[in-house]
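Bear in mind these aren't lab numbers, they're just calculated from the coordinates by the rules spelled out. All values derive from a computational prediction rather than experimental measurement. Cβ: placed from backbone, ideal geometry, glycine included. Neighbour counts: every protein chain shown.
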Amino acid sequence: MLADARLVAGKDLRIEWRSRVGIGQMVPFAVLVLVLFAFALDPDRGILTRATAGLYWVATLFAGLLAVQRAFALEAAPGVREAMRLSGLDPAGWFLGKAAAIAVQLLLLEAVLGVGVIVLYAADLQGPLLLLATCMAATVGIAAAGTLYGVLAAGLAVRDTLVPLLLLPVLAPVLLGATRASEAALGNGVGDGWSWCGLLAVFAVLYTMLGMTFFGTLLEET
Amino acid sequence: MTTTPTETTPPAPPASSTSSPLTRVLGTLAGVGVVLVAWLGLVASPRDIVQKDSVRLIYVHVPAVTWMYVAVFLCAFASFMWLRKRTDGWDVLAASAAELAALLTGLGLITGMVWGRPTWGVYWVWDARLTSTAILFVLLLGYQALRRYPADPQSRSRMAAVLGLLLVPNAAIVHFSVDWWRGLHQDATVSKIDVSIEGLMLFTLAASFVVMGIVCAWLLVHRFRVGWLERRAERHHLDAALADRQADADPSAGVAVGGPSS
Amino acid sequence: MADAVVLLDRFPALAGVDLDVARGEIVLLRGPNGAGKTTLLRTCAGLARVVQGTVEVLGVDLVAAPRSVRRRVGMLSHQDGLYGDLTVEDNVRFWARAAGADLADATAALARCDLDGRLATVPAARLSAGQKRRTALAALLARRPELWLLDEPHAGLDRAGRDLVDRLVRDAAAAGATVVFASHELDRAEGLATRAVTIAGGQIREDSGAPAGPIGVERAG
């Protein structure tokens, strides 16, 4: 199963590398969102600085949506889905592979955005370890839930509008947790950042398990 | 298309309505119950000192929210059973329960907001209860959206079943995390009905729990039956299509309707 | 398979099909468009939903456990099933490894299909239709399936390509695999096949010969 996961992740990332959609589209999009927020909220530094964590994660979340859509658009090429079903790949492995590829892309995005935020919003990093842990946990959660709901809607033509509708409410707690934890890491939040990080980890583990369980069922005959 | 299915396969006479002795009893109880609770709630029970008449909304709001959770659990359970057994009944039950849940959620949100206006001065506050209910509402709307999409029915049932099953963990996570979040701001208590409930008010509340439960059951039974009949209609369609298909290449042969439609 | 009824989007594409195929046979499926040939092939691959009857492939009951047989079955369908952004090489390697074969098989398959030269590093999206078909064929070959299901394998290929298909099919059957293919090109197809089955309206109308007797692994009803 892990070998299958590695294979699928490798394939997705190789495609990504060849086509450069992630770098070419997702990252500029996310940076653009950050910039637009700066336009919308008066760059009276007060507001932007306080809202930094939230805006960062909203931008990441939207980019995550794109990543999920893209990941399943790959499989929408004629005959590919069927070939995948026919290939005998372990569905749980397939799920892990896809989620891993999405997670990798998101992590890279978050790194870039992190730099963007520090530069554009003059953020001040105080708890790098917490921030790192938060990013990891949140990303895995987003990738896992995204892959699960992505495949759920994947066969449908309305996929593009349905996935956000299904995925965003599910990811609301991730947004909540990641923002609170990041705020604590940036030194301007209340509450215990590590506890929120823990919540993110629970979410990530839960959705990974759920994804591995249900991916196979959802692939059948769709 | 040639002959209609009902002429060639005579099943039980087609139902002309979804009522039955059970639903008539339920319906009557519900009707009487609603009148009784309305009287109790609007007239007989006293006003609250602080909240005055708006406290009467809790007779609708609290039961609605409670039964909403029940409906969500029912949907998840039915989805789980469908994944195990793959029979139509569980699928229809899940769909009906989800619709009921969506209805109750909407009701809970609206009553919550209407109650909020005179109490807090605004229609919406970001307190734990309202926020997590709102997210649950969106989750349920997503479920409805998935159900409505005219995909291949078997796939649709499968996708909806997984989604339905996931409703419970999602709702739980949302509820828990939002509670925790708002707990930090000590707003959580605002949505708790702080009135000291006793006497007639308590009785009315209990009565309205029961009555709302009966109304929900009545709605659920009818909705389930409608869904069930829809499935039966699809089966007949299959038989007719099967017959047509066989006649496709062999027009001279008699039309033999295909095997058991289980 | 016995009395199999297969639904395609609520439409009964196969309406009661009985078919027995023995190992090593090369079976041609022929019939008008819409007769159910593609659906029959897909059913054998475990990709279609059987609502009635039984289907057993390579000794495995497909209705109960559709997934278990997939690594041993290879299908060439109308659609290529190739990732446009990956090169020919990458595609064949991926599909081979997904089915449990190793890189050597993939390389050998590429060579046999004349894809190991300049074409190997071309992204699949830039290939012509015939070249894509050959790539899909190589992907199938690399998996070394026990059952080959080919949906109009000659379509879209040039003369050399069609000869390649015939060679591959004969070699595969000689090595013990079973081949079932659908085709409209009856001259070439009939020369290739050991048995011909005609389908129309979702049912079998003619069958040029049931197998002589159970030989090793067979599909029984």
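The mean number of Cβ atoms from other chains found within 10 Å of a Cβ in peptide B:169-178 is 5, as a whole number. If you plug the beta carbon distance of residue A:62 and residue A:129 into 1/(1 + (r/R0)^6) with R0 = 22 Å, you get a FRET efficiency near 0.25.
How high is the relative contact order of chain A, given as a whole-number percent (alpha carbon pairs under 8 Å, six or more residues apart)? Before the final figure, lay out the partial values.
Numbers: 266 pairs, mean separation 60.1, N = 222.
For chain A, the relative contact order is 27 percent.
Once the Cα atoms are used to define both axes, helix A:193-219 deviates from the longest principal axis of chain A by about 20 degrees.
Near the amide H of residue C:75, within less than 5 Å, lie the amide hydrogens of C:149, all on another chain or at least 5 residues away, with H placed in the peptide plane. The stretch A:52-117 and the stretch C:134-171 have Cα centres separated by 34 Å.
If R0 equals 60 Å, the separation of the Cβ atoms of residue A:20 and residue C:65 corresponds to a calculated FRET efficiency of about 0.90. Select from A:147, A:52, A:139 the residue whose mean-square fluctuation is largest in a Gaussian network model of chain A (Cα-Cα springs shorter than 10 Å). Result for chain A, Cα springs under 10 Å: A:52 fluctuates most. A Förster radius of 60 Å, combined with the Cβ-Cβ distance separating residue B:87 from residue C:206, puts the computed FRET efficiency at roughly 0.95.
Taking chain A as a Gaussian network of alpha-carbon nodes connected by springs under 10 Å, the highest mean-square fluctuation of the residues A:96, A:113, A:41 belongs to A:41.
What separates the Cα centres of the stretch C:74-90 and the stretch B:104-127 is a distance of 55 Å.
Remark: mean inter-chain Cβ contacts per residue of A:74-80 equal 5, using a 10 Å Cβ-Cβ cutoff to other protein chain atoms.
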